[in-house]
1. Calculate one ³J(HN,Hα) per residue across the stretch 102-112 by plugging θ = phi - 60° into the Karplus curve 6.51 cos²θ - 1.76 cosθ + 1.60, and present them in order as whole Hz with x for glycine and proline.
2. How large is the direction-averaged shadow of the alpha-carbon convex hull of the stretch 51-92, in nm²?
3. What FRET efficiency comes out for Glu98 versus Ile164 if R0 is 25 angstrom and r is the Cβ-Cβ distance? Round to the nearest 0.05.
4. Once the convex hull of the C-alpha atoms of the stretch 119-181 is built, how many Å³ does it hold per residue, rounded to a whole number?
5. Going 7 Å from the Cα of Ile56 along its beta-carbon direction, which residues of the stretch 127-171 have the amide nitrogen within less than 15 Å of the resulting point?
6. In the stretch 62-186, what is the count of Lys pairs whose alpha carbons are under 20 Å apart, counting only pairs at least 8 residues apart or on separate chains?
7. Please report the carbon-and-sulfur percent of the accessible area for the stretch 49-102; probe 1.4 Å, protein heavy atoms only, DNA, RNA and ligands left out.
Amino acid sequence: MKKNKILISIIIISMFWQACKKDADLPKLPEPINEPEVITSLTLTFTGSANTSNVITAKFIDNDGDGGNQPTTFDTIKLKSNTTYFTSLALFNSILNEEITPEIVEEGNDHLFIYKTNAVNLSIAITDFDTNTPPLAIGLKSTWRTGNVGNGTVQVILKHQPGIKNGTETPGDTDVDLNFQTIITN
């Protein structure tokens, strides 16, 4: 019986000892993973530099996200030749009913939009940057300069690059990869 009392006392003391440990003594939990965004729609808004009332939008909408049903909207980008457009990009997650654009701005050091033109006379310059040293492009804002009349595509890619962003497309996961048909007219 005496041995049982001693054993019970040791157990109770060890329980109190464990309960009194400081946070610094406890094992560290892993940092939360910065998961890629779920993006169900993307809107490009083009504002003419010479005429700010000249506003054009092109949208991609896939309300159930990647996979599943086909997109309900996948607009063609239609721009005037020899024109400069100030362009902004907005992202939305209709599954959670939230706009993603502010999150991309807040996590700018972890995100990069890439724009690739194919067979269309168009140059694109990104005009917004993160807080890295040196600052690296984000791509929510850009300037598009059209050339002569023609057709082609513009590929819009969003890379999620937490902790590995270096200003190139290579590292990270792809959150968005869309090819917009693009028409430049007179």
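The values are calculated or read from the model by the stated rules, or taken from the named source; none is laboratory data. Treat the numbers as computed from the prediction; the structure is a model and nothing was measured. Virtual Cβ from ideal backbone geometry, glycine too; neighbours counted across all protein chains shown. For the accessible areas, the whole protein counts, side chains as well, though only heavy atoms, and no ligand, DNA or RNA atoms are used. Shrake-Rupley method; radii C 1.70, N 1.55, O 1.52, S 1.80 Å.
1. x, 5, 5, 5, 4, 9, x, 5, 10, 10, 8
2. Working: hull surface 15.5 nm².
The Cα convex hull of the stretch 51-92, projected and averaged over all directions, gives 3.9 nm².
3. Numbers: r = 25 Å, r/R0 = 1.02.
Using R0 = 25 Å, I get an efficiency of 0.50.
4. Values: hull volume 5.7 nm³, N = 63.
Expressed per residue, the convex hull around the Cα atoms of the stretch 119-181 is 90 Å³.
5. In the stretch 127-171, the label zone of Ile56 (backbone N under 15 Å from the point 7 Å along Cα→Cβ) covers 143-155.
6. Here the count comes out as 9.
7. Values: 1550 of 3260 Å².
C and S fraction of accessible area: 48 percent.
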